[in-house]
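Reviewing the structure listed below.
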Amino acid sequence: MGMTMSQKILAAHAGLDHVVAGQLIKAKLDLVHGNDVTAPVAINEFRKSGFQQVFDVNKISMVMDHFTPNKDIKSAEQVKIARDFAAEHGVVNYFDVGDMGIEHALLPEKGLVAAGDLVIGADSHTCTYGALGAFSTGVGSTDMAAGMATGEGWFKVPSAIKFNLTGKLRKWVSGKDVILHIIGMIGVDGALYKSMEFSGEGLKNLSMDDRLCIANMAIEAGAKNGIFAVDEVTEAYMKGRVNRPYTVYTADPDAEYDAVYDIDLSSIQSTVAFPHLPENTRTIDQVGDIRIDQVVIGSCTNGRLSDLAAAAKILEGRKVAKHVRAIIFPATQQIYLDALKAGYLEIFIQAGCAVSTPTCGPCLGGHMGILAAGERAVATTNRNFVGRMGHVKSEVYLASPEVAAASAVTGKISSPEEFM
C-alpha cells in the first residue's frame, strides 16, 4: 500500500521506510514554535523537567503576537518570560514588537518553513504551513517543551482525505470561500484527526495566499493537518526565502484515502459562516439582510497583501458606513510596509478604517476590537465560536476580505459583486 504526502514526511522524519494510519512514531522535528500565550507555559515545563538547553537554537521560533503590543501587566509578564528565555538560550528566531507579525504569516514569509518539513507549534493554526508542502500541526505546550529540549515529538500517523481541485475561481472569490465551502460540506469534525490533502490541476489557479488561508483553517474541520502538493507556485514562493535544501514529497498513486472529494473551483460562490460554528455556511445569495457593527480584515487567515489589495479595491473612493467600525490588521510588518507603498493604507484611512500594527488581538477577543453584547461583526478570521471576539451574546460572521470590505461600506453583510 502506498503512502500519502503526510505519511511520507512522517516516515522520513521517523527514519522508517513505511508508516500506516494509526501507527505511533517518534520523529525528528525541523521547527518547534510558540507564541506569547503558549511559549511561557512551555518554558515553565521545560524548566520543571530539568532541561538545561534547547536542541537547536535555529530550529525554535517564538512570535509575540496575541496580546502584543502588551495590552496589560499580565501580557507584559508573559512576553518577558519568552524574551528572557530566548536571550538565555540564544534562540535565533524570536520576534517581538517592530520585528513581529502574526505568527502563521510571519514564519512562511521569513523562510523558516519549507516543503517536506515536520513542524509542531503550540497553536492550533500551525497547520497553515501545509500550504508549503510541510507536515505542520498544533500541539500542547508540554509537547512544545519536550520538542524544544529533544528535537523530537510523538505522532499518531493520520489517515487522509483527498481534495481534487479543478477549475478556476471566479472574480471576487478567494481561498477563504473555498475552505468555508469545504467546512460547510464536511462539517467541523469531518476531517477529525485526518490529513486534508489538496492536489489536482486546479491547484495552479490558487495563489500561495489562497493556499495559506485554506491550510490555516484545516483545523476548523477537525483535521490533524492540511497539506498541498508542491508545484511551481510553491517553488516560486520559497525561492529567495528558504536558504537550505528541502524535499518535495508526492503521494503514491496507490495511497489510501478515507474519502475523495472533487471540488470545481469555478462553482464556488462567496460564502459566509454564520454563528457560532465555521460549518454554518451560506452562500452570499442566501445571507439575507443582516446589519453589522464591526468589520475586521486581517489575522493569520486573511491578513496578507493580496487580502488587503482586494479590500482596498472595494474601499477606494468609498466610505465605511457610519455605524460600522472597520479595523484593518496587516499580518506582518513587511505586509504593512508593502501595503503602505501600494497606497492601500491611505485608501483604508480615507475610507474611515482604523489600521493596526500586526496582532492577533481581535481574533480571539483579546484586545483592539472587542464586541459588546448584541453586536455583530464580519471578520476574515478563522473562528466564530460563542464569545470568540468578545461578549457571549455577540455574533461573528466569517467571510473573505472581499465580502468584509463590501459589508463595511453597506453596513450589512453584502456581496462584493455589488461593487463590480
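The values are calculated or read from the model by the stated rules, or taken from the named source; none is laboratory data. Owing to the predicted nature of the structure, the values given are computational and were not obtained by experimental measurement. We place every Cβ from the backbone using ideal geometry, glycine too, and count neighbours over all the protein chains shown. Accessible surface is based on the protein model in full, side chains and every heavy atom, while ligands, DNA and RNA are left aside. Shrake-Rupley method; radii C 1.70, N 1.55, O 1.52, S 1.80 Å.
Tabulated data for the structure shown
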| read-out | value |
| --- | --- |
| Residues of segment 83-105 classified as of a type in the set (A, V, I, L, M, F, W, C) and either part of a loop (DSSP other than H, G, I, E, B) or at pLDDT below 95 (or both), total | 5 |
| Residue that is farthest from Ala146 (Cα to Cα), among those in segment 1-59 that are hydroxyl-bearing (Ser, Thr, Tyr) and open to solvent by less than 10 Å² (accessible area, probe 1.4 Å) | Thr4 |
| Filtered residues of segment 366-392 (kept if assigned to a loop (DSSP other than H, G, I, E, B) and over 21 Å from the mean Cα position of the chain (by Cα)) | Ala372, Ala373, Gly374, Glu375, His391, Val392 |
| Which numbered condition Glu197 misses (of (1) of a type in the set (Asp, Glu); (2) without any contact (Cβ under 8 Å) to a residue 60 or more places away in the chain; (3) in contact with a strand residue (DSSP E or B) (Cβ under 8 Å, 6 or more places away or on another chain); (4) closer than 21 Å to Asp252 by Cα) | (2) |
| The listed residue being under 23 Å from Ile219 (Cβ atoms) and either assigned to a helix (DSSP H, G or I) or not aliphatic (A, V, I, L, M) (or both), out of Pro69, Pro108 | Pro108 |
| Test: residue in segment 365-375 that is touching a strand residue (DSSP E or B) at 6+ places or on another chain (Cβ under 6 Å), at pLDDT below 95 and not hydrophobic (A, V, I, L, M, F, W, C) | yes |
| Residue within segment 236-246 that is among the β-branched types (Val, Ile, Thr) and loosely packed, with under 15 Cβ neighbours inside 10 Å present | no |
| Any hit, segment 157-165, residues being assigned to a helix (DSSP H, G or I), of a type outside the set (Gly, Ala, Ser) and touching a strand residue (DSSP E or B) at 6+ places or on another chain (Cβ under 7 Å) | no |
| Any hit, segment 295-308, residues being hydrophobic (A, V, I, L, M, F, W, C), crowded, with 23+ Cβ neighbours inside 10 Å and over 21 Å from His276 (Cα atoms) | yes |
| Subset tally (residues that are within 17 Å of Asp30 (Cβ to Cβ) and either without any contact (Cβ under 8 Å) to a residue 60 or more places away in the chain or not hydrophobic (A, V, I, L, M, F, W, C) (or both)) for segment 110-136 | 12 |
| Of the criteria (1) open to solvent by less than 40 Å² (accessible area, probe 1.4 Å); (2) out of contact with any Phe, Trp or Tyr (no Cβ under 9 Å at 6 or more places or on another chain); (3) of a type in the set (Val, Ile, Thr), which one Ile328 fails | (2) |
| Qualifying residue in segment 168-185 (condition: more than 20 Å from Ala399 (Cα to Cα), open to solvent by 10 Å² or more (accessible area, probe 1.4 Å), in contact with a strand residue (DSSP E or B) (Cβ under 7 Å, 6 or more places away or on another chain) and touching a residue at least 40 places away in the same chain (Cβ under 8 Å)) | no |
| Complete set of residues in segment 206-232 that are open to solvent by 30 Å² or more (accessible area, probe 1.4 Å) and closer than 18 Å to Pro401 by Cβ | Ser207, Asp209 |
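Residues checked against (1) open to solvent by less than 10 Å² (accessible area, probe 1.4 Å); (2) closer than 30 Å to Leu206 by Cβ:
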position: Glu109; (1), (2): no, yes
position: Ala122; (1), (2): yes, yes
position: Leu132; (1), (2): yes, yes
position: Phe135; (1), (2): yes, yes
position: Gly138; (1), (2): no, yes
position: Met148; (1), (2): yes, no
position: Trp154; (1), (2): no, no
